[in-house]
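*Asks:* Attaching a single structure in structure tokens format; questions to follow.
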Amino acid sequence: MTRVLVTGASGYLAMHVVKQLLDSGEYIVRGTVRSLANEQKVEPLRSLCPENAKYELELAEADLTKKESWNDAVKDCTYVIHVASPFPAENPRDEMEVIGPAVEGTKNVLEACAKTKGGVKRVVLTSSCAAIYSGRVGEDIVFTEEDWASEEKSVPYEKSKRRAELAAWELVKGLPDDEKFELCTINPGLILGPVLHGSKCTSMEFHRRFLQREMPMVPKLSMPVTDVRDVAGAHITAMTSPKAPGNRYVAITTCIWLRDLAVILDEEFRPLGYNVPTTQAPSFGLKILSCFDASLKMLLPSLGHEVKFDNSKIKDHLGYQPTELKSSVIDMAYNLIDAGFIKKTPQYEEMKKQKSASGSQ
């Protein structure tokens, strides 16, 4: 059996990667967490393992900032899927709080892979569409894998993804022959879909704020979006695909205005007692609000600019078949409500009771 390492295994995307690998039954799966003593992170991971699994999920302690921790983590692994990276909901006071761990962590993981001297055959790195288009949203072009973000106009998270991916390509390029391994990157947009872990993540913020009406209006924001299950599958396909080495892949469903997401939620959940905002917010109003809401400040450079991406390469190389956008949005909403991340309304509780009663008959 081939062993696969998934870094940051307790994260939103990484848990889906772990689950799909385990469900396939084709691999021994090892995941990294910062502390094995953190049951909030560890227990949801262990629960992913099928009852009849031939091999239990292996867990190892590793920290992006601790270089020595990765030598044991990558030992005996043929493939490494490097997902772990900081994803803040707002800009930090010091941008290096985000950039440092992302870049140095990527180097630490990849250098440990190189030390295996051929043991690790390929690394699939989770990058981001942010590494492609950030700082360039005003350009009237269709972005592809050939494009790179403009760091001067990017916020710290976007800089971290760009620098980390560039560092990975440079590191692999400079390796001696006996330490070389293959590298490819998956560059998703805003990731939507069910959450498997038990803690909050930045990806759920729009859903949470809309359904709990913590935002009275919707920012005029255009963004590439994708389904977490599709992105996880793309990582696994890229792990063994003969076309993947040396390539970047835009992994998105489509590009949408944020109001379109709000409308989908409103149509589904207004009958269940949720008052989702669908009115477009004026840009000047958001600029004022951003003085009091740090998460809004991250969005300001992109307001009013439509973005476009070409995802034909991942479809051609990896057979990528995106989930319908509406399904991704609605599945995530029901999942977040049922998991307690979003408050249940009386109407929602009644709907669940009726469904439970009809199912038991």
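*Asks:* Would you kindly find the accessible area of K19, with a 1.4 Å probe and non-protein molecules such as ligands, DNA and RNA excluded, rounding to the nearest 10 Å²?
*Replies:* So the heavy atoms of K19 present about 70 Å² to solvent.
*Asks:* Take the Cα atoms of the range 1-108, find their three principal axes, and give me the spread along each one in whole Å, biggest first.
*Replies:* That works out to 48, 26, 23 Å along the principal axes.
*Asks:* I've got another one for you. Taking R0 as 35 Å, what's the FRET efficiency between K352 and S150 from their Cβ-Cβ distance, rounded to 0.05? Working shown, then result.
*Replies:* Working: r = 47 Å, r/R0 = 1.35.
FRET efficiency, K352 to S150: 0.15.
*Asks:* Shifting gears a bit: At 1.4 Å probe size, with no ligands or nucleic acids counted, give the accessible surface of D310 in Å², nearest ten.
*Replies:* Estimated to the nearest 10 Å², D310 gives 60 Å².
*Asks:* Beyond a 22 Å Cα-Cα separation, which of these cross-linked pairs lie in this structure: K41/K200; K19/K355; K19/K200?
*Replies:* In this structure, K19/K355 exceed 22 Å between Cα atoms.
*Asks:* Under 12 Å from the Cα of K159, which aspartates and glutamates turn up, not counting those fewer than eight places away in the same chain?
*Replies:* Partners within reach: E95, E97, E151.
*Asks:* Can I ask one more? Could you work out how far helix 258-269 tilts from the main Cα principal axis of the chain, as a 0 to 90 degree angle to the nearest 10?
*Replies:* 70 degrees
*Asks:* Using a 7 Å offset from the Cα along the Cα-to-Cβ direction at both E139 and K115, what is the distance between the two label points in nm, to one decimal?
*Replies:* 3.8 nm
*Asks:* Measure nothing fancy, just the Cα-based angle from helix 96-115's long axis to the longest principal axis of the chain, in degrees from 0 to 90, nearest 10.
*Replies:* For 96-115 against the chain, the angle is about 30 degrees.
*Asks:* Rounded to the nearest whole Å², what accessible area per residue is found for the chain with the 1.4 Å probe?
*Replies:* Ligands and nucleic acids excluded, the figure is 45 Å² per residue.
*Asks:* At a Förster distance of 51 Å, what's the computed FRET efficiency of A339 paired with K67, Cβ-Cβ distance as r, to 0.05?
*Replies:* The formula returns an efficiency of 0.90 here.
*Asks:* Using a Cα-Cα cut-off of under 25 Å, which lysines could be cross-linked to K117, ignoring same-chain neighbours fewer than 8 residues away?
*Replies:* By straight Cα distance, K117 reaches K66, K67, K75, K107, K173, K180, K243.
*Asks:* Can I ask one more? Which value, in Å² rounded to 10, gives the accessible area of R163 with a 1.4 Å probe and all protein chains present?
*Replies:* Near enough 80 Å² of accessible area.
*Asks:* Just report the Cα centroid separation between the range 153-213 and the range 19-64, whole Å.
*Replies:* 20 Å
*Asks:* Still on this structure, please answer the following. Find the all-direction average of the projected area of the Cα convex hull for the range 91-144, expressing the result in square nanometres with one decimal place. Please list the in-between numbers first.
*Replies:* Values: hull surface 21.2 nm².
Hull-based average projected area comes out at 5.3 nm².
*Asks:* May I ask which residue of L36, S128, T254 lies farthest towards the positive end of the charge dipole of the chain, with charges of +1 (Lys, Arg) and -1 (Asp, Glu) on Cβ and the Cα centre as origin?
*Replies:* Looking along the dipole axis, the top candidate is L36.
*Asks:* Another question, if that's okay. Ignoring any ligand, DNA or RNA, what whole percent of the accessible area of the range 115-157 comes from carbon and sulfur when the probe is 1.4 angstrom?
*Replies:* Carbon and sulfur atoms account for 49 percent of the accessible area of the range 115-157.
*Asks:* Excluding residues fewer than 8 places away in the same chain, name every one of the lysines whose C-alpha is closer than 17 Å to that of K308.
*Replies:* K220
*Asks:* Please report the net charge: other residues with Cβ closer than 14 Å to the Cβ of A37, K and R +1, D and E -1.
*Replies:* Within the 14 Å Cβ shell, the charges total -1.
*Asks:* By how many nm would the segment from E205 to L175 lengthen if fully extended, with 0.36 nm per residue of separation less the alpha-carbon distance?
*Replies:* 6.8 nm
*Asks:* Quick one: order M217, M204 from most to least accessible surface, probe 1.4 Å.
*Replies:* Order by accessible area, largest first: M217, M204.
*Asks:* May I pose another question? Rank these by accessible area, largest first, 1.4 Å probe: H197, H305, H317.
*Replies:* Reading off the accessible areas and sorting them downward yields H305, H317, H197.
*Asks:* Further question: Go ahead and estimate [θ] at 222 nm for the chain from helices alone: -39,500 (n - 2.57) per DSSP H run with n ≥ 4, summed, over the residue count, rounded to 500.
*Replies:* After summing the helix terms and dividing by residue count, I get -12500 deg cm²/dmol.
The values are calculated or read from the model by the stated rules, or taken from the named source; none is laboratory data. No experiment lies behind these values; they were computed from the predicted model shown. Note that we place each Cβ from the backbone using ideal geometry, even for glycine, and neighbour counts take in every protein chain shown. Surface accessibility is based on the protein's heavy atoms, side chains included, excluding ligands, DNA and RNA. Shrake-Rupley method; radii C 1.70, N 1.55, O 1.52, S 1.80 Å.
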